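First up is the structure itself, then whatever we jot down about it.
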Amino acid sequence: VTVVALRERAPNERRVALSPEVAKKLKALGAQVVIEAGAGSGANQPDGIFPDVEVEATAAAALARADVLLAVQPPSLDTIAGLREGSIVIGFMQPHADPERVKALRDRKITSFAMELLPRTTRAQAMDVLSSQAGMAGYKAVLIAAELSGKFFPMLTTAAGTIRPSKVLIVGAGVAGLQAIATARRLGAQVEGFDVRPETREQIESLGAKFLDLGVSAAGSGGYARELTAEERAEQQQRLANHLKNIDAVVTTAAVPGRPAPKILTAAMVEGMKPGAVVVDLAAETGGNCELTRPGETFVHNAVTLAGPLNLPSMGAIHSSEMYARNLFNFLALSLNEGELVLDWEDELIAQTCLTHAGRIRHEATRQKIE
Ligand code: NAD
């Protein structure tokens, strides 16, 4: 089989779905690897860094050879039109975002795997792109907070006196939040975290941070949080508002699967924060955890700096790509045997991650929405 990676074309997308290591592993499994010239340029990875790959000058030439296309962002309609019937594409597909794309994948009889649909089971961990990319997002969000802050994060004892460490609060302790906590700790801040899933207390404390108990527990199904009731939300907000008065930087990472980001920080809470405080809203992409967030913008409101950065994983494009490519490789390896592709539809990872196949939309929720 021939596996292809293109230069990503979405604005601000610097990642690439292939790494030198994965190119080598694919070869070892008997696959041919083809890249579009400049495929890794967004991540400053020149073509020559990928061992033993063939380079095609244009996306169209690379696509025409693809049995499997590895992608970061969902393929454009042009890309789908350039793929051969029956070929496979693996990457983020955002099935809810664009019905036209899903229809095009269906009508071109492309087998598409939407990595965001991958079941989050133990066996799937090595393929879990949501987790690998969330780690980078949490890390970068804290660096942005430190950058925007007019304060040191660590405690300093200097000839000009002692500087007290910044107080940093991380809201939501999933994969991104825990990485944010670890990063803020490494920068020397005094860190607190909270989440509505009670098991996060131990995880937060094991990173040397303090668990902020807001008296609300809302474990949902599948290890995820559920949406709070109006009463729970009011309780959480009242306690949080008080606590925020003392905080120098907040990084919010809260999400509930399939729902818009929960609004946790109100305008009044932000207005009650200390002058010079910073809020970095990692949930900006899905509407934000803070009422004031403007996705993609950084601005000052009432002497508090608010940032709603988009596509944080792309900001760490080398390591994000390395982990992402490894995730896709582990997924593709389920179906690769001595250079031959065989899809095992009995395997839940294959069956549940599949968005379209053989002219059908296989993901039920998407099919019902579109057909
Ligand atoms: P996520 O991105 O859906 O949510 C981020 C965090 O926000 C979660 O911890 C959630 O509890 C929290 N949250 C939601 N509403 C909140 C509110 N109102 N206030 C405060 N916090 C709120 O979650 P995620 O990071 O993708 O992972 C969630 C869980 O799934 C974690 O326990 C993670 O370890 C687990 N997980 C398991 C696997 C696996 O076993 N393969 C893989 C990935 C994640």
Next on the checklist: From Cα pairs below 8 angstrom and at least 6 apart in sequence, can you work out the relative contact order of the range 80-216, rounded to a whole percent?
Outcome noted: 16 percent
Checklist entry - For Ser19, what charge total do you get from the other residues with a beta carbon under 12 Å from its beta carbon, if Lys and Arg give +1 and Asp and Glu give -1? => result +2
Next on the checklist: Which one, Leu332, Leu130, Leu341, has the greatest fluctuation when you compute a Gaussian network model over the chain with C-alpha springs under 10 angstrom?
Outcome noted: Leu341
Checklist entry - If the viscosity is 1.567 mPa s and the temperature 4 °C, what translational diffusion coefficient in µm²/s does Stokes-Einstein give for the range 278-353 when Rh comes from Kirkwood over Cα pairs? => result 83 µm²/s
Checklist outcome for this item: The percentage of Cα-Cα pairs in the range 327-371 separated by more than 14 Å is 56 percent
Item to check | P(r) weight above 19 Å for the range 43-156, C-alpha pairs, percent | outcome: 61 percent
Checklist outcome for this item: Rounded to the nearest 10, the angle in degrees between the Cα long axis of helix 129-148 and the longest principal axis of the Cα atoms of the chain comes to 40 degrees
Checklist entry - Of the cross-linked pairs Lys210/Lys274; Lys27/Lys109; Lys25/Lys109, which ones have a Cα-Cα span greater than 25 Å in the structure shown? => result Lys27/Lys109; Lys25/Lys109
Item to check | Calculated on alpha-carbon atoms, Rg and Dmax of the range 153-295 in Å | outcome: 15.0, 54
Checklist outcome for this item: For the chain the mean separation of alpha carbon contacts under 8 Å (6+ apart) over residue count, i.e. relative contact order in percent, is 19 percent
Next on the checklist: So if I average 1/r over every pair of distinct C-alpha atoms in the range 212-307 and take the inverse, what Kirkwood radius in Å does that give?
Outcome noted: 13.8 Å
Checklist entry - Excluding Ser41 itself, what net charge comes from residues whose Cβ is under 13 Å from its Cβ, given Lys and Arg +1 and Asp and Glu -1? => result 0
Item to check | Alpha-carbon centroid distance for the pair the range 151-193 / the range 74-94, whole angstrom | outcome: 43 Å
Checklist entry - So which lysines can Lys103 reach, going by Cα to Cα under 23 Å and dropping same-chain residues fewer than 8 places off? => result Lys369
Checklist entry - Given 0.36 nm per residue, what is the gain on full extension from Ala351 to Ile163 after removing their alpha carbon distance, in nm? => result 62.1 nm
Checklist entry - Using alpha-carbon positions, what is the distance between the centroids of the range 95-126 and the range 5-73, in Å? => result 20 Å
Checklist entry - When each pair of different Cα atoms in the chain is counted once in the 1/r mean, what is the Kirkwood radius in angstroms, to one decimal? => result 21.9 Å
Checklist entry - So how do 108-116, 278-286, 145-153 stack up, highest first, on mean other-Cβ count within 10 Å? => result 278-286, 108-116, 145-153
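State the extension gain, in nm to one decimal, for the chain segment bounded by Thr122 and Ile370, taking 0.36 nm per residue of separation less the distance between their alpha-carbons.
Full-extension gain reported as 86.2 nm.
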Checklist entry - What residue among Ala333, Ala182, Ala209 shows peak mean-square fluctuation when the chain is described by a Gaussian network model with Cα springs under 10 Å? => result Ala333
Checklist outcome for this item: If one builds a Gaussian network model of the chain from Cα atoms under 10 Å apart, the most fluctuating residue listed among Phe92, Phe329, Phe299 is Phe299
Checklist outcome for this item: With only helices counted (DSSP H, runs n ≥ 4, each -39500 (n - 2.57)), the per-residue ellipticity at 222 nm for the chain, to the nearest 500, works out to -9500 deg cm²/dmol
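Every number here is computed from the coordinates shown, using simple stated rules; none is lab data. These numbers come from a predicted model, not from an experiment. Glycine gets a Cβ as well: all are built from the backbone with ideal geometry, and neighbour counts include every protein chain shown.
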